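Report on one structure; see the data block that follows.
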Amino acid sequence: MSVSTLASDRSVCTPLPVLGRDIRVPLVTGGEVTYAALDYAASAPALQRVWDDVAAYAPYYGSVHRGAGYLSQLSTELFENSRADVAAFLGCREGDQVVFTRSTTDSLNLLAAVLPAGTRVFVFETEHHAALLPWERRADVEVTYLDAPRTPGQAVETLEQALAAREPYGPALVCVTAASNVTGELWPVRELAAAAHAHGARIVVDAAQLVPHQQVDIEELDCDWIAFSGHKLYAPFGAGVLAGRADWLRDADPYLAGGGASRRVGRGASGEVEVDWHEGAARHEAGSPNVIGAYAIASACKALTEEGFDRLAERERQLISAVREGLAAVPGVRVLSLFGPEAPRVGVFSFTVDGWNSSHFAAALSAEYGIGVRDGLFCAHPLVRTLVGGASSADGGCGSDEGAPLNAIRVSFGAGTPDEHVERFVAAVGELVRHGAKWSYRTEGGRCVPA
């Protein structure tokens, strides 16, 4: 679908209301324009529904668990109901646990902390650092990094070969993304889960980039755990989720030691502290829970479900087609991809532009067109370097735009993105490539900024 026909097609839903949709920003060339927030893959704007729900609850905010007062009881009920709502949203199985964390990164670090000693972890080098790095912190865990696949089938084959070759045969965990934060491409999660289970391994899915775009069902995917962040799900209030099997979580020491995780604390005969830890989700939720963050995630889950993921996904497919066709028409633009240009994806594109430093290009989009994108390596350094085919810039600035691109530019969008923002982005890319920037730029603090 071309950009010119995008706005005329009203067969699908309109953008969901989000905060900041009417914000005006200044342009270096003069005047103002409505800000086009196209960095959803980093943090999506809050849904108006989520903000309204949180604002309505805020006057009733109280301590969670053990409080005898009315507001404490109300907040506790809200917190635990939010847990149940998230479990329903994810299609959790009987016996699964939903643990509230701070983010996807926190969720995966929590899982790394509870792995049985001697676990073998298998992770593709294409992962976000949140999924790539936590496992190395355990001296008693062995990590195998798998090369970047070039097809979904190759991903499954690579994993099967690695699992079949593992010695000795013991506990194993596969960590894989559901949708890449760099390319937006969908990974074959069901097939990878089947391969993992066939070889006696478990699998955790980094669903941070999938949950905002498509319905996710933990039972249908047949995965053991799912991790995601509220701030990518239109609920930027500092919470995340780890949901899935309870046994490793129950058998390990608490992720954090403190109040809330402990059921009883006393002194032994010889003076040592004796602790009886909770066995449920509270075991890994020490401290005062982020009830507002949990409630915000639950609110977002309800809002997206009520709107209908089929309708949301159909509209996003139209936006994806507009961006794909628009970028393909601009000379010198190369969209990064592992699985090929037509591979199924969510609304995330990373690309390079011949002769342009990525920081310079992103700065010009912002300063001259009021468009917010991201540039760099996107906390997925091995993947971006593999796709770009070179080292990253030393300073990320605009010292020289000659030669091959050093990093990449990423545009990302979702349920709150108006058609006009995508149209303006595609037009701006074409103008910058064909006519150059209207303003001069300099490097400041490692970033390219208007001079």
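Here, each number is a calculation from the coordinates, and none is a lab measurement. Predicted, not measured: the structure shown is a model, and the values here were computed from it. Using ideal geometry, Cβ is built from the backbone for each residue, glycine included, and neighbour counts are taken over all protein chains shown.
One table, with the values for the structure above:
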{"quantity": "Counted residues, segment 50-103 - those being in a loop (DSSP other than H, G, I, E, B), over 19 Å from A227 (Cα atoms) and without any contact (Cβ under 8 Å) to a residue 60 or more places away in the chain", "calculated": "5"}
{"quantity": "Number of positions in segment 269-317 that are of a type in the set (V, I, T) and without any contact (Cβ under 8 Å) to a residue 60 or more places away in the chain", "calculated": "2"}
{"quantity": "Residue in segment 114-123 that is under 23 Å from H213 (Cα atoms) and buried (at least 23 other Cβ atoms within 10 Å of the Cβ) present", "calculated": "no"}
